[in-house]
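*Asks:* Input: one structure, supplied below.
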């Protein structure tokens, strides 16, 4: 039995007050397990991204709590929370957000640099992770010289270089063609997921559903349910 | 933090287009600011050159006098009175006037004639050729070898010339620390010869030069001279008076000030605008850094190092360019009145720091406003 990586209790986020109050996420509770790849799916405006932002410590909920490895994210000071994100949570953004003026390896090393690792050590470590994502030979190129799939893999390398326990990916296949998208998710499943790490993916790309361990459906800010499936590939 | 600074500098310098634009803007602004201030400083310095060259500690003058070249002659009793003041070691007259020298080709050249007290020669220049006592010889003049020397056709000892229809003879060549502002050569002679050769009004003394017994006596001397209706100024006070005249009563100061402000605004605009564009282009990336775990103070440090680095390089290039221009100009035009002083450099540095602070503020404000959630929301 895997341990619980993340627990969300009655999470709510609303905008506006009084009659104008609109719920983006309404009283959502769930658990994500270590070693599990959990998808948050639903139509546009269902609150997927808002939920992802709250559970990854970048958008404060109006109500509820988020426990990652037993630590309540939203009871931490902003500096402690930033440190927690830096060490425990990896992010892969929809548009990758790689720095075009830095080389690939420098982009990957950014979390280590922020952790105050020395420059040479950070580059050495980043190169290891570029090897893991199969881009060791492109470490000195700027990201703009890479294909969309390769940039996605650089973003993944950057997200895992600090060995986070929780990895969150926002629409990882949205900028990629179907085949590349599937390959990326398959790669994540095989090479990035491990028994101590939980991966949460926000997507509405049903072509990659087959790789999920659990699928959480949302609509109008509410959780419709979690379906845990057995990945067999 | 060094790694973060390195990342910040790479982000900046690898964007060669914007980095060049930033550097060019700041370099150009610094160049203009330093040039303007250096020219003004050079003019002020040249305007006071006679005070430095004569070297007296205290000058007695008519209060309406604003610079050495436009003195108002004083009656002899001023000199007598000055000599009688307790605390005065000695006091001597000096004459400044203009004359015309007829050159060999028949053309005329304006000169400044300095007449030194016949007994003491107080305020004499340093000779590089000849003997000072030869100034007492018939028609003896000492020519100053400065940037204007060649206008007298590079005379040597023994050279004869015609000055205001009198015969003159060069008996010595002198050097002075600075040339004058108006581009005319200088000749030294005795006081009596000067007032004989140059048409004068009833009074002839341009200034009285005073050597006090001690610096503590100066306030008393000044007070006594004031009772007489004249002014006794120390060397520095006289230089300040001349500087104030050029700064506030000739239009020169305000023009230089306006040009300096325009240069500053040009630099501020180019730097602020380019840096703002640079930040806007990378704003989402800064947001992503925040999401990853960068703290606000780290992002602020990144921006500060970027602006500081750019402004320091731009400052260095601007100062280098300005001094190179001045050196080149002085090679071709020895009269070129521009000088870089520590005050100029400090003022330009302060203005560059303001440019850096403004550019940083623009960037910091934008970067601190971006929320990591905005990155997810797209």
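*Asks:* Once all Cα-Cα distances of the range A:179-233 are split into 5 Å bins that start at 0, what whole-number percent is in each one?
*Replies:* Percent of Cα pairs in each bin: 4, 16, 28, 27, 14, 9, 2.
*Asks:* Label the range A:1-89 by shape, choosing from rounded, prolate and oblate, from the square roots a ≥ b ≥ c of the eigenvalues of the Cα gyration tensor; if a/c is under 1.5 it is rounded, and otherwise prolate applies when a/b is larger than b/c, oblate when it is not. Numbers along the way, then the final one.
*Replies:* On the way: a/c = 2.03, a/b = 1.34, b/c = 1.52.
Cα axes put the range A:1-89 in the oblate bin.
*Asks:* Counting pairs of alpha carbon atoms under 8 Å apart in space and at least six apart in sequence, what relative contact order in percent does the range B:51-204 give? It would help to have the intermediate numbers written out before the result.
*Replies:* Numbers: 277 pairs, mean separation 43.4, N = 154.
Reported relative contact order: 28 percent.
*Asks:* Report the per residue volume, in Å³, of the convex hull enclosing the C-alpha atoms of the range B:230-298. Walk me through the numbers on the way to the answer.
*Replies:* Numbers: hull volume 8.5 nm³, N = 69.
Spread over its residues, the Cα hull of the range B:230-298 gives 124 Å³ apiece.
*Asks:* Could you calculate the contour length gain from residue B:16 to residue B:237, that is, 0.36 nm times the residue separation minus the distance between their Cα atoms, to one decimal place in nm?
*Replies:* Values: separation 221, 0.36 × 221 = 79.56 nm, distance 5.09 nm.
Taking residue B:16 through residue B:237 to full extension adds about 74.5 nm, to one decimal.
*Asks:* If I build a Gaussian network model for chain A, linking alpha-carbon pairs within less than 10 angstrom, which residue out of A:162, A:77, A:175 has the largest mean-square fluctuation?
*Replies:* Maximum fluctuation in the GNM of chain A, among the listed residues, is at A:77.
*Asks:* Mean shadow of the range B:263-346, computed from the convex hull of its alpha carbons, in nm²? Don't jump to the answer; show the numbers that get you there.
*Replies:* Values: hull surface 29.0 nm².
Its average projected convex-hull area is 7.2 nm².
*Asks:* Based on the Cβ-Cβ distance of residue B:354 and residue B:216, what FRET efficiency does E = 1/(1 + (r/R0)^6) give at R0 = 41 Å, to the nearest 0.05? Can you show the working numbers first?
*Replies:* Numbers: r = 42 Å, r/R0 = 1.03.
Using R0 = 41 Å, I get an efficiency of 0.45.
*Asks:* Tell me the volume per residue, in Å³, of the convex hull enclosing the alpha carbons of the range A:110-233.
*Replies:* Numbers: hull volume 16.3 nm³, N = 124.
Taking only Cα atoms, the range A:110-233 has a hull volume of 131 Å³ per residue.
*Asks:* With both partners inside the protein assembly as shown, how many of the DSSP beta bridges are antiparallel, as a percent to the nearest 5? Can you show the working numbers first?
*Replies:* Values: 56 of 83 bridges.
Within the protein assembly as shown, antiparallel bridges account for around 65 percent of the total.
*Asks:* Can you figure out the FRET efficiency of residue B:201 with residue B:129, using R₀ = 30 Å and their beta-carbon distance, to the nearest 0.05? Don't jump to the answer; show the numbers that get you there.
*Replies:* Numbers: r = 34 Å, r/R0 = 1.15.
For R0 = 30 Å, the calculated efficiency reads 0.30.
*Asks:* Still on this structure: Could you work out the relative contact order of chain B, using alpha carbon pairs under 8 angstrom and six or more residues apart, expressed as a whole percent? The partial results should precede the final answer.
*Replies:* Numbers: 633 pairs, mean separation 111.6, N = 378.
30 percent.
*Asks:* Could you work out the relative contact order of the range B:233-378? I mean the mean sequence separation of Cα pairs under 8 Å and 6+ apart, divided by the number of residues, in percent. Each step should come with its number before you reach the end.
*Replies:* Values: 75 pairs, mean separation 63.6, N = 146.
Answer for the range B:233-378 is 44 percent.
*Asks:* Further question: Any chance you could run the full-extension gain for residue B:223 through residue B:84? It's 0.36 nm times the residue separation minus the Cα-Cα distance, nm to one decimal.
*Replies:* Values: separation 139, 0.36 × 139 = 50.04 nm, distance 1.36 nm.
Here the segment from residue B:223 to residue B:84 would lengthen by 48.7 nm.
*Asks:* Sticking with this one: Just check the range B:131-208 against the gyration tensor rule for me: Cα atoms, a ≥ b ≥ c as the square roots of the eigenvalues, rounded for a/c under 1.5, and otherwise prolate or oblate depending on whether a/b exceeds b/c.
*Replies:* Values: a/c = 1.56, a/b = 1.21, b/c = 1.29.
The shape class here is oblate.
*Asks:* Please state the shape class of the protein assembly as shown: rounded when a/c is under 1.5, otherwise prolate if a/b exceeds b/c and oblate if not, all from the C-alpha gyration tensor. Display every interim value, and only then the final one.
*Replies:* On the way: a/c = 4.77, a/b = 3.42, b/c = 1.39.
Judged from the Cα gyration tensor, the protein assembly as shown comes out prolate (a/c at least 1.5, a/b above b/c).
*Asks:* Further question: So the label point goes 7 Å from the Cα of residue A:136 along Cα→C-beta, right? Which residues of the range A:156-192 then have their backbone N under 12 Å from it?
*Replies:* Answer for this model: none.
*Asks:* Now for a separate question. First measure r as the distance between the Cβ atoms of residue B:266 and residue B:9, then evaluate 1/(1 + (r/R0)^6) with R0 = 22 Å and state the FRET efficiency to the nearest 0.05.
*Replies:* 0.30
*Asks:* Report the normalised scattering of chain B as log10 I(q)/I(0) at q = 0.09, 0.14 Å⁻¹, calculated by the Debye formula with identical scatterers on the alpha carbons.
*Replies:* The Cα Debye sum returns log10 ratios of -0.67, -1.10.
*Asks:* Can I ask one more? Along Cα→Cβ, 7 Å out, is where each label goes; now give me the distance between the ones at residue B:333 and residue A:75 in nm to one decimal.
*Replies:* The answer from the label model is 7.7 nm.
*Asks:* Name the residues of the range A:188-222 whose amide N is less than 18 Å from a point 7 angstrom out from the Cα of residue A:128 along the C-beta direction?
*Replies:* Flagged as within label range: A:191-197.
*Asks:* On alpha carbon coordinates alone, what is the Rg over Rh value for the range B:11-67, Rh being the Kirkwood radius?
*Replies:* Working: Rg = 21.4 Å, Rh = 15.2 Å.
Using Cα coordinates only, the ratio equals 1.41.
*Asks:* State, in angstrom, two size descriptors of the range A:1-157 derived from its alpha carbons: Rg to one decimal place and Dmax to the nearest whole number.
*Replies:* According to the Cα coordinates of the range A:1-157, Rg and Dmax are 18.1, 57 Å.
*Asks:* If I fit a long axis through the Cα atoms of helix B:2-13 and take the longest principal axis of the Cα atoms of chain B, what angle between them do I get, 0 to 90°, rounded to 10?
*Replies:* For B:2-13 against chain B, the angle is about 80 degrees.
*Asks:* Now a separate question. Using only Cα atoms, what Kirkwood radius does the range B:42-179 have, in angstroms?
*Replies:* Values: mean 1/r = 0.0611 Å⁻¹.
Evaluated over the range B:42-179, this radius sits at 16.4 Å.
*Asks:* Diagonalise the Cα gyration tensor of the range B:235-378 and give the resulting equivalent ellipsoid semi-axes, square root of 5 times each eigenvalue, largest first, whole Å.
*Replies:* Numbers: eigenvalues 368, 50, 32 Å².
After scaling each eigenvalue by five and taking roots: 43, 16, 13 Å.
*Asks:* Can you pull the one-decimal nm distance between simple spin-label points at residue A:118 and residue A:163, each 7 Å off the Cα toward Cβ?
*Replies:* Distance between the two pseudo-spin positions: 2.0 nm.
*Asks:* Something else about it: Once you compute Rg and the Kirkwood Rh from C-alpha atoms, what is the Rg to Rh ratio for the range A:129-169?
*Replies:* My calculation puts Rg/Rh at 0.97.
*Asks:* How large is the helix-only mean residue ellipticity at 222 nm for chain B, computed as the sum of -39500 (n - 2.57) over DSSP H runs with n ≥ 4, divided by its residue count, in deg cm²/dmol to the nearest 500? Present the calculation step by step, with values, prior to reporting the outcome.
*Replies:* Working: 11 runs with 202 residues, N = 378.
Mean residue ellipticity, 222 nm, calculated: -18000 deg cm²/dmol.
*Asks:* Sticking with this one: Compute the Rg/Rh shape ratio of the range B:165-257: radius of gyration over Kirkwood radius, all on alpha-carbon atoms. List each step's numbers first, then the result.
*Replies:* Values: Rg = 17.6 Å, Rh = 17.1 Å.
Reported Rg/Rh, Kirkwood definition of Rh: 1.03.
Coordinate-derived values only; no laboratory data. Remember, it's a predicted structure, so these values are computed and weren't measured experimentally. Every residue, glycine as well, gets a Cβ built from its backbone with ideal geometry; the counts of neighbours run over all protein chains shown.
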